[in-house]
Amino acid sequence: SLSVEAYRRQHEIVVTGDDVPAPYTTFESAGFPSEILRAIHHVGFSVPTPIQAQSWPIALQSRDIVAIAKTGSGKTLGYLIPGFMHVKRLHNNSKMGPTVLVLAPTRELATQIQDEAVKFGRSSRISCMCLYGGAPKGPQLRDLDRGVDVVIATPGRLNDILEMRRVSLHQVSYLVLDEADRMLDMGFEPQIRKIVKEIPHCRQTLMFTATWPKEVRKIAADLLVHPVQVNIGSIDD
Ligand code: ADP
Ligand code: MG
């Protein structure tokens, strides 16, 4: 419709894919559970950012997505809230392993995502934890043993723990590659591919990146199935 086109033009949203759903221009129109809406209200956000507005309806259709938007555009909640709803819909036994896996390049980023996940997921009783290197494994292993819905991990530490057979990814059905461009720049591609081999094919895969160079396009082509692509602003690679 005209208003969808106008919203996309105004916010420099370019979508590529079949039957891409209209953006959610308000939080209320997204159909989130009331505890999520309350958490959003509590932090005082007034409207979704463009990447959130356009990514949410796509992610909630359980489709693969490549989202390209610059740093600071609100990508974290773009994948976390649909991830929480995915956890709620499946109600897997968290003792059997996580349902949602988020891969991020650094300890700092993983910790920031974890903070956001706790802030917005706690009232929905979603359990989240963070795995990163440069810290003892003991507490991380104990948290895993307690059972967890959402794991946010750097590829290196997750692979270490997989090799120890202390976590199973066979329940993961929502995989996020956050800051995909940075993860590849840091040389994590082999680690990412090793992790993905442990995850069932029947899954939803979401890739978030600030840039769209050919290395990122290649791994997207290998790991995602008919993704909808969402660009915010100009693409610089
Ligand atoms: P990115 O991953 O794209 O770099 P983040 O997800 O880290 O961006 O978000 C950047 C900042 O914007 C964070 O402090 C986050 O809490 C805030 N933020 C996220 N969504 C909104 C929103 N809808 N309105 C206002 N601020 C938001
Ligand atoms: Mg981010």
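Quick notes on this structure:
- GNM on the chain, alpha-carbon springs under 10 angstrom: the most fluctuating residue among 61, 171, 204 is 61.
- Semi-axis lengths (Å, descending) of the ellipsoid that matches the C-alpha gyration tensor of the stretch 1-124: 24, 16, 16
- Among the protein heavy atoms, those of residue 96 account for about 100 Å² of accessible surface (1.4 Å probe, every chain in place).
- Set of aspartates and glutamates near residue 197 by C-alpha distance (under 16 Å), chain-local residues within fewer than 8 positions excluded: 160, 163, 189, 222
- Candidates 38, 165, 63, ranked by Gaussian network fluctuation over the chain, Cα under 10 Å, top entry: 165
- Accessible area of residue 108 in the full protein assembly, 1.4 Å probe (Å², nearest 10): 120
- For the chain, built as a Gaussian network whose Cα springs stay under 10 Å, the top-fluctuating residue of 117, 59, 135: 135
- With θ taken as phi - 60° and the Karplus curve 6.51 cos²θ - 1.76 cosθ + 1.60 applied, the whole-hertz 3J(HN,Hα) list for the stretch 87-98 is 4, 5, 5, 7, 5, 5, 7, 5, 5, 7, x, x Hz, x standing for glycine and proline.
- Over all orientations, the stretch 52-136 has a Cα convex hull whose mean projected area works out to 6.4 square nanometres.
- If you look at the Cα atoms of the chain, you get an Rg and a Dmax of 16.9, 55 Å.
- The coefficient of translational diffusion for the stretch 86-142, derived via Stokes-Einstein from the alpha carbon Kirkwood radius under 37 °C and 0.692 mPa s, stands at 262 µm²/s.
- The tail of the calculated P(r) for the stretch 97-192 beyond 20 Å holds 29 percent of all Cα-Cα pairs.
- Centre separation in Å (Cα based) which lies between the stretch 200-237 and the stretch 93-170: 23
The values are calculated or read from the model by the stated rules, or taken from the named source; none is laboratory data. All of these numbers come straight from a predicted model, not from anything done at the bench. We work out accessible area using only protein heavy atoms, side chains counted, and drop any ligands, DNA or RNA first. Shrake-Rupley method; radii C 1.70, N 1.55, O 1.52, S 1.80 Å.
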